Amino acid sequence: MGSRFRENFVIGTDPVKLKLRDDIGKAFIEGKEHFKRSLDITATELYKHAQKLACDYGWEYGGPIAGHLTGQLPHERIAGDKVTLYVHPDTPNRMRGLDAEGHERHWIFEIHFVDRTRHIGGFYEELLTIG
């Protein structure tokens, strides 16, 4: 599993930061497997699962979203009418639903773990729906 997460970096040898790096990678795999098993999963359900994974690994979930549709999206703000484009607590839509033109949607899944006491956090994202 070590080389699988070579994209994640830690400066130094702090064991807590190394654990954070490793936990994020493991949690991503667990989240993706959960998505694959849950054929009718909604974006809200996947967001809640990402929060649970953070808790299971001993971290706090640090992001307002846990992913988004592929394509160019405004990450700075989520307008009320655009929340359906994100894995967000207020997005009850099924993730495997087709778009308005009948095409399959592809999602990015994001893991954000933080430790606010230590002022550290980590982030991992990758395509969820292919591979």
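The values are calculated or read from the model by the stated rules, or taken from the named source; none is laboratory data. Computed from a prediction, not measured in an experiment: that's the story for all the values here. Neighbour counts are summed over all protein chains in view; Cβ atoms, including those assigned to glycine, are modelled from backbone coordinates with ideal geometry.
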(request) Considering only residues that are surrounded by 10 or more Cβ atoms within 10 Å (Cβ to Cβ) and in a loop (DSSP other than H, G, I, E, B), look in region 100-110 and name the one that is modelled with the highest pLDDT. (result) His106
(request) Name every residue in region 15-70 that is under 21 Å from Thr84 (Cα atoms), buried (at least 17 other Cβ atoms within 10 Å of the Cβ) and among the hydrophobic types (A, V, I, L, M, F, W, C), in order of residue number. (result) Phe35, Ile41, Ala43, Leu46, Ala50, Ile65, Ala66, Leu69
(message) Restricting to region 111-123, and then to whatever is assigned to a strand (DSSP E or B) and surrounded by fewer than 21 Cβ atoms within 10 Å (Cβ to Cβ), can you tell me which residue is modelled with the lowest pLDDT?
(response) Phe123
(request) Have a look at Thr44, Thr84 and point out the one that is of a type in the set (Ser, Thr, Tyr) and either at pLDDT below 95 or part of a loop (DSSP other than H, G, I, E, B) (or both). (result) Thr84
(message) Restricting to region 10-51, count the residues that are of a type outside the set (Asp, Glu) and touching a residue at least 40 places away in the same chain (Cβ under 8 Å).
(response) 20
